[in-house]
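The values are calculated or read from the model by the stated rules, or taken from the named source; none is laboratory data. Please read all numbers here as calculations on a predicted model, not as lab measurements. For neighbour counting, all protein chains shown are included, and Cβ atoms are generated from backbone atoms with ideal geometry for every residue, glycine included. Just the protein is used for accessible areas: all its heavy atoms, side chains included, with ligands, DNA and RNA removed. Shrake-Rupley method; radii C 1.70, N 1.55, O 1.52, S 1.80 Å.
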Amino acid sequence: MQWIAMLTMLIDHVGLVFFPHQEVWRIIGRIAFPIYVYALVQGHRFTSSRPKYIIRLAVIAAISQIPYQLALDPEGLNVVITLVAGAIVLYVLERSDSQLLSWLVVVAACALMSGFPFDYGAYGLLLILIFRYAQASWLVPLHMVLNLLFWFLNNWELQMWSVIPTAVIAYGPHVWRKLESIRVSRWVWRSFYPLHLLIIALLRVFL
């Protein structure tokens, strides 16, 4: 699972920087984000310390920001910041006893992530909430509805391809367990995002 997420993210970013007119790179890249969302939700559920888990993510986000701006988007916030925001919202929701407060937190977070240049914006947060709270049988329909909504709002037609890994997670548990059993060193997993952005940024400068 982790290797698939890293490889498809790499393909996406290489295509975005070096082959912007070849759509196939971006289509393959749509596989990555749902896997990272799934990994975030699993990490949140099973970590021994959620605050420490959020801090580890925040460190990766901070390290990644300058390479992200150099490689992909000079004014944007990298995707790990989106994951950090999602993890914070999950943490707040699970400590809240008020449904009204929970809804207000989600709405405020969506507004914040739409108003500032978070990678994936409110879409990212809503997908995290779907993966955390939806039953497996509802993952694909809800993800499809979310994609259709943002296709209409933001013309994100390519994002429709991101339903593929969600379908595998929801409907292919035996295959998924085998993929999950192929583990990656924690340092490779944590350092891949900032490191590959830095390499792309350097290649962009020198080529």
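Take each of the peptides 158-170, 180-192, average the number of other beta-carbon atoms within 10 Å over its residues, and list them starting from the highest.
The densest-packed peptide leads the list: 158-170, 180-192.
So with the 1.4 Å probe, I'd like the accessible area per residue for the stretch 55-124, rounded to whole Å².
Value for the stretch 55-124: 52 Å² per residue.
Sorted by average packing, counted as other Cβ atoms within 10 angstrom per residue and highest first, what order do 101-109, 52-60 take?
The densest-packed peptide leads the list: 52-60, 101-109.
How much of the accessible area of the chain, in percent, comes from carbon and sulfur atoms when a 1.4 Å probe is used? List each step's numbers first, then the result.
Values: 7870 of 11390 Å².
Roughly 69 percent of what the probe reaches on the chain is carbon or sulfur.
For the stretch 146-207, what ratio Rg/Rh do Cα atoms give with a Kirkwood hydrodynamic radius?
Rg divided by Rh gives 1.14.
Per residue and in cubic angstrom, what volume does the convex hull of the Cα atoms of the chain have?
Value for the chain: 123 Å³ per residue.
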